[in-house]
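Each remark here refers to the structure printed beneath this line.
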Amino acid sequence: MGYPQEFLDIAEAVNNWGRWGDDDELGTLNLITDDVVVAAASLIRSGKRISCAYPLSVHGLQLGFIPGRLNPVKTMVAIHEPSLGDASTMSSSDDVVTMGLQAATHWDALSHVSYGGRMWNGFDPDSIGVWGATRGGIDKIPHLTGRGVLLDLAASADLDRLEGGTVVGPDELDAAVEAQKVDVRPGDIVLLRTGHMQLLLAGDKMSYGITAPGPGMHAAKWFREHDIAAVATDNMVFECFPCESDDAPLPVHCLDLVEMGLTQGQNWNLEPLAADCAADGVYEFFLEASPQPFVGGLGSPVNPVAIK
């Protein structure tokens with residue numbers, strides 16, 4: 001089964017291999033320069049902080065479709081354990097967690113996806129082994145902080161939420177930019193609200209997990225043309241699902257991560273942020289969303305915080 005020509009044409013158009021050197025493992029995050037961060041810091045006016053994370057819990061959003069992608073299982077290993085065996089002194093309690101690194105709100109590492117023997121920047125897919133990724137792992141991202149922009153796709157379409165399977169392309173992205181009177185600049189971290197998270201928050205995990213509105217293949221060209229640094233969505237799949245072509249499974253993953261080197265995130269709860277942006281009309285903010293430095297990790301949970 002070959003990839004459709006439409007996909008191959010877009011892959012060629014968005015390819016960033018070698019743009020930042022043959023050994024680059026950051027991809028488009030190189031676009032978040034010191035100047036970009038300084039400018040983003042100027043957006044902080046009130047100090048209001050809004051988290052975009054979904055809670056980490058054994059009752060989380062995973063349905064068991066992907067083997068090993070476990071909801072967090074937290075186990076107590078000490079409960080008021082006396083220090084030095086003396087109950088009259090300090091005691092401590094401890095716990096451990098087992099979970100999939102992409103179980104809830106997370107970033108994908110550039111090494112998360114390969115296709116047709118291709119991985120970001122031409123790295124050998126065999127660089128991923130039993131210890132994880134030696135190239136393009138999530139630990140290669142020391143920080144992810146800059147100007148965040150919310151594009152409320154549902155609101156710009158006068159909808160509460162987009163239906164599962166809705167394809168978001170350049171026209172829809174441009175419409176949100178115009179409706180929210182915000183510009184998208186090189187080095188931005190763009191958050192795409194479809195409203196799909198509402199299903200999960202209402203307890204409908206099945207509908208949330210098996211379909212998704214989200215970026216289609218042509219959205220990747222828009223991301224590349226605007227030189228955005230990272231993009232995140234409020235669904236499990238990131239892109240539209242079912243996919244646009246049976247011959248290209250999860251094509252936007254392949255275009256973003258493999259060809260463009262664009263860090264992408266899933267399962268972001270953008271509802272509180274969207275409500276705040278609608279209330280004050282401000283859709284840009286300082287965003288701190290650094291991943292945890294799991295060595296060789298293919299992804300990382302994150303608690304993204306928008307600061308206004």
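Could you tell me which of rounded, prolate or oblate describes the stretch 232-272, using a ≥ b ≥ c as the square roots of the eigenvalues of the alpha-carbon gyration tensor, with rounded for a/c under 1.5 and, failing that, prolate when a/b is larger than b/c and oblate otherwise?
oblate
Return the whole-Å distance between the Cα centroid of the stretch 115-161 and the Cα centroid of the stretch 214-252.
Answer, in whole Å: 11.
Which value, in debye to the nearest 20, describes the size of the charge dipole of the stretch 227-308 about its Cα centre when Lys and Arg Cβ atoms bear +1, Asp and Glu Cβ atoms bear -1, and nothing else is charged?
The calculated dipole for the stretch 227-308 is roughly 340 debye.
DSSP beta bridges in the stretch 186-308, what fraction antiparallel, as a percent rounded to 5?
Here the antiparallel bridges make up roughly 35 percent for the stretch 186-308.
How would you rank Glu81, Glu178, Glu284, going from fewest to most other Cβ atoms within 10 Å of each one's own Cβ?
Placing the least packed residue first, the sequence is Glu178, Glu81, Glu284.
Along the three principal axes, how long is the stretch 1-144 when you take its alpha carbons, biggest first, rounded to the nearest angstrom?
Taking max minus min along each principal axis of the Cα atoms, the stretch 1-144 gives 70, 47, 29 Å.
May I ask for the distance between the Cα centers of the stretch 12-60 and the stretch 257-271, given as a whole number of Å?
Cα centroid of the stretch 12-60 versus Cα centroid of the stretch 257-271: 10 Å apart.
What is the order of His196, His143, fewest Cβ neighbours within 10 Å to most?
The order, fewest Cβ neighbours first, is His143, His196.
Taking the Cα centre as origin and putting +1 on Lys and Arg beta-carbons and -1 on Asp and Glu beta-carbons, what dipole magnitude results for the stretch 142-274, to the nearest 20 debye?
For the stretch 142-274, the charge dipole is close to 440 debye.
Along the three principal axes, how long is the stretch 61-129 when you take its alpha carbons, biggest first, rounded to the nearest angstrom?
63, 27, 18
How many times 2.2 N^0.38 Å is the alpha carbon radius of gyration of the stretch 129-179?
Relative to the 2.2 N^0.38 Å estimate, the stretch 129-179 comes out at 1.76.
In whole Å and largest first, what semi-axes does the C-alpha gyration tensor of the chain yield when each eigenvalue is scaled by 5 and square-rooted?
Each semi-axis is the square root of five times an eigenvalue, giving 31, 24, 21 Å.
Can you give the helix-only mean residue ellipticity at 222 nm for the chain, where every DSSP H stretch with n ≥ 4 adds -39500 (n - 2.57) and the sum goes over all residues, rounded to the nearest 500 deg cm²/dmol?
-5500 deg cm²/dmol
Take the Cα gyration tensor of the stretch 186-266, multiply each eigenvalue by 5, square-root it, and list the three semi-axes largest first, rounded to whole angstrom.
Semi-axes (√(5λ), whole Å): 22, 16, 9.
Charges on Cβ only, +1 for Lys and Arg, -1 for Asp and Glu, centred on the Cα centroid of the chain; of Gly129, Ser46, Gln5, which one is farthest towards the dipole's positive end?
Positive-most Cα among the choices belongs to Ser46.
Please identify every one of the chymotrypsin sites (Phe, Trp or Tyr not before Pro) in the stretch 1-96 that sits in a loop by DSSP and has no more than 10 other beta carbons within 10 Å of its own beta carbon.
Phe65
What size of dipole, in debye to the nearest 20, comes out for the chain about its Cα centre when the only charges are +1 on Lys and Arg C-beta atoms and -1 on Asp and Glu C-beta atoms?
740
From a point 7 Å beyond the Cα of Ile44 in the direction of its Cβ, which residues of the stretch 261-289 have a backbone N at a distance under 11 Å?
286-288
Could you list Lys308, Lys74 so that the one with the fewest beta carbons within 10 Å of its beta carbon is first and the one with the most is last?
The order, fewest Cβ neighbours first, is Lys74, Lys308.
Can you give the relative contact order of the stretch 58-140 as a percent, counting alpha carbon pairs under 8 Å and 6+ residues apart?
It rounds to 23 percent for the stretch 58-140.
Kirkwood hydrodynamic radius, computed over distinct alpha-carbon pairs, for the stretch 97-207: how many Å, to one decimal?
Computed over the stretch 97-207, the radius equals 17.0 Å.
No lab work stands behind these numbers, since they all come straight from the coordinates. Small disclaimer: the values here were computed from a predicted structure and weren't measured. Cβ atoms come from the backbone with ideal geometry, glycine included; neighbour counts cover every protein chain shown.
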